[in-house]
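Just so you know, all these numbers are worked out from the coordinates, no wet-lab data involved. In this text the structure is predicted, and so the values were computed from the model without any measurement. No Cβ is skipped: glycine too gets one built from the backbone with ideal geometry, and neighbour counts run over all protein chains shown.
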Amino acid sequence: MLATIITIGDEILIGQIVDTNSAWMANKLNEIGIKIHEIISVSDNESHILEAVDKSMKQSDIVFITGGLGPTKDDITKATLCKYFNAELILNEALLTQLTAYFKQRGRVMNESNKMQAYVPDNCEVIPNERGTAKGMWFEKDNRILLSMPGVPHEMKHIMEDHILQRLQRDYALPYIHHKNIMTAGLGESYIAEKISDIEDGLPAHIKLAYLPHLGAVRLRLTGRGKVGTDLIEEINRISASITDRIAFYVYGFDELKLEEALGNLLKKHQKTISTAESCTGGSVAAAITSVPGSSAYYEGSLITYSYEVKQRELGVKAETLTKYGAVSTETVEEMLVGILGKMNTDYGIAISGVAGPGGGTPEKPVGTVYVCVGNKTKMQTKRYQLTQNRADNIALTTTYALFQMKSFMDEVEGLLS
């Protein structure tokens with residue numbers, strides 16, 4: 001089945017809110033074998049909505065709409081759909097009873113605007129919404145389906161998960177889709193593509209490979225379409241294994257595993273602890289590590305040593321080191337690492353210093369120059385990264401690179417010890 005998603009609301013078009021509904025719906029629909037043909041956002045305007053609906057109903061088997069079902073005057077979706085489907089708004093007594101009970105339970109008085117929520121087109125099937133007052137609507141025309149839902153995310157998700165997705169799977173012969181994600185870091189998508197080009201060229205027609213890059217990391221998504229059974233899964237697993245073997249150093253996990261989770265799993269496996277000393281990242285690495293539930297088992301703490309004075313006082317960085325080499329240098333981050341390992345008494349540590357920007361760069365160390373040192377009390381590894389001109393990107397990239405560098409270092413050290 002081909003599907004179109006239409007989101008309605010001026011607030012989306014002016015950037016006041018981000019349309020998260022479409023992304024969530026597309027992901028859920030993809031999981032059950034419904035392919036998204038197009039995603040459209042339109043204003044709270046009758047002609048715009050009608051145009052989008054008419055176009056979508058001609059090109060898709062099923063159309064999903066969110067938004068414009070509230071009780072205020074700018075919520076015109078219901079009336080507009082009546083016009084499109086030649087319907088009449090009628091009072092649904094059962095809905096009115098439900099709404100009355102809904103407001104009474106919450107100690108609120110139902111006004112006339114709220115009462116309008118009990119009016120629905122006479123040729124639609126009402127879809128329950130136990131989370132709010134705006135019900136969903138199921139229309140059918142010329143063997144095509146249109147589903148209209150409220151734009152409030154938690155209400156839309158409830159209607160989709162409890163009422164729509166199950167019904168679509170039950171009533172329609174949808175293809176089986178299987179995804180497998182290979183999570184990588186430290187290598188750009190073009191370099192990965194070059195290394196696995198022959199594998200990609202040899203993929204069968206029913207299996208696709210997508211590259212999904214994001215600031216220092218690339219998700220490789222294998223997607224297969226076929227009949228329900230284990231053959232497709234086994235086939236994708238074989239291809240995944242071939243790709244993983246080819247770029248093994250850069251693969252840190254599979255499916256939805258985050259890099260900080262992979263590092264945490266490694267620390268737990270070997271019963272090791274870690275601490276961090278950050279300058280230009282301002283605690284971003286610490287935030288990533290501690291975002292993982294249970295990270296208190298291996299993470300001791302962090303020091304954000306932004307100034308020369310704090311680097312000296314808290315981490316023991318020598319004044320002569322800072323004078324001779326500067327804060328952004330191999331020598332400084334290595335002394336920062338020694339300092340944080342001693343201060344926190346951890347098995348491993350990460351130390352970072354750099355020029356995040358937009359100012360502060362020099363010809364020798366332009367904006368985007370970052371040094372990351374990882375190690376333990378007997379061995380350390382320092383790398384210089386030359387990143388971008390954008391401060392936020394530099395912080396995010398450094399966080400990814402630091403976590404990946406630490407994991408790779410640990411893999412090597414613990415592998416030699418075991």
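General remarks:
- FRET efficiency for E161 and N345, using Cβ-Cβ distance with R0 set to 41 Å, rounded to 0.05: 0.30
- For the range 151-210, diffusion coefficient by Stokes-Einstein and Kirkwood Rh (Cα), 10 °C, 1.306 mPa s, µm²/s: 103 µm²/s
- The string of couplings for the range 291-298 from the Karplus curve (6.51, -1.76, 1.60, θ = phi - 60°) is 6, 8, x, x, 5, 5, 5, 9 Hz, one whole number per residue in order, with x for Gly and Pro.
- 0 to 90° range, to nearest 10: angle between helix 259-269 axis and the chain longest Cα axis: 60 degrees
- One decimal place: the segment E314-K83 gains 76.1 nm when fully extended, by the rule 0.36 nm per residue minus the C-alpha distance.
- Between amide H atoms placed 1.01 Å from N, distances below 5 Å from I40 occur with I5, I6, T7, all of them 5 or more places distant or on a separate chain.
- In this structure, the amide hydrogen of I304, modeled 1.01 Å from its nitrogen in the peptide plane, lies closer than 5 angstrom to those of E278, counting only residues at least 5 positions away or on a different chain.
- Candidate values (1) 182; (2) 122; (3) 201, label of the one derived for volume of the Cα convex hull per residue in Å³: (3)
- DSSP-defined antiparallel bridges as percent of all bridges, the range 2-171, nearest 5: 40 percent
- Spin-label proximity, H154 to the range 97-133 - amide N less than 14 Å from point 7 Å beyond Cα toward beta carbon: 130-133
- Angle of helix 46-59 to the longest C-alpha principal axis of the chain, folded into 0 to 90 degrees and rounded to 10: 80°.
- Normalised by residue count, the range 2-171 yields a Cα convex hull volume of 113 Å³ per residue.
- Taking a point 7 Å out from the Cα of I32 in the direction of its Cβ, the residues of the range 120-151 whose backbone N falls within less than 13 Å of it are 147.
- Rounded to the nearest 20, the size of the Cβ-charge dipole of the range 255-359 about its Cα centre is 180 debye, with Lys and Arg at +1 and Asp and Glu at -1.
- Eligible lysines near K73 by straight Cα distance, threshold 16 Å, same-chain separation 8 or greater: K115
- Exceeding the 25 Å Cα-Cα cut-off - candidates K55/K83; K28/K104; K195/K365; K318/K343; K28/K58: K28/K104; K195/K365
- Per-residue extension of 0.36 nm, minus the Cα-Cα distance of S242 and E194, leaves a gain of 15.8 nm for this segment.
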